[in-house]
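S.K.: Quick one: structure below, then a few questions.
Read-outs: derived from the displayed coordinates by stated rules, not from any lab. Keep in mind that what you see is a predicted model, and the values were worked out from it rather than measured. Glycine also receives a Cβ, built like all others from the backbone with ideal geometry; neighbour counts cover every protein chain displayed.
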Amino acid sequence: MKEKRRFPRLTLKVLVAYSIIIDEKEAPAESRNISIGGICIATRQPLDIGRCVSIQFFLPGKMVRVTGRVVRNEEIVSGLYDNGIEFTDIKPEDVKRIEDYIQNT
């Protein structure tokens with residue numbers, strides 16, 4: 001099967017805070033993997049496809065804040081969902097930080 005991802009991903013297990021843009025209630029999650037194009041987060045509730053979310057997480061040296069759009073969700077075990085988030089607004093220096101993290105880990 002051909003890989004559909006545009007960017008290489010790296011497993012990343014860090015705490016993530018996310019909020020749905022429309023209601024701004026923040027909730028915790030755990031990241032599963034990351035690329036310069038997006039992040040996968042595990043949540044207790046599935047996030048609606050197309051929903052815009054604000055995400056913040058820590059990479060060595062800096063808190064990263066991005067905006068993204070949910071492009072997929074999948075129940076991985078009962079009551080736990082993987083949610084693929086495509087970045088839609090990310091600072092160039094954060095892209096570089098993620099790229100460096102992937103290349104050096």
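S.K.: Can you give the longest run of the chain that contains no GluC sites (Glu not before Pro) sitting in a DSSP loop with at most 11 other Cβ atoms inside 10 Å? Before the final figure, lay out each step's value.
M.R.: Values: sites that count: Glu3, Glu24.
By the stated rule (loop sites, at most 11 other Cβ atoms within 10 Å), 25-105.
S.K.: Looking at [x] 1.43; [y] 1.01; [z] 1.99, which value of Cα Rg over 2.2 N^0.38 Å comes from a calculation on the structure shown?
M.R.: [y]
S.K.: What is the order of Val77, Val95, fewest Cβ neighbours within 10 Å to most?
M.R.: Details: Val77 8, Val95 15.
Final ranking by Cβ density, sparse to dense: Val77, Val95.
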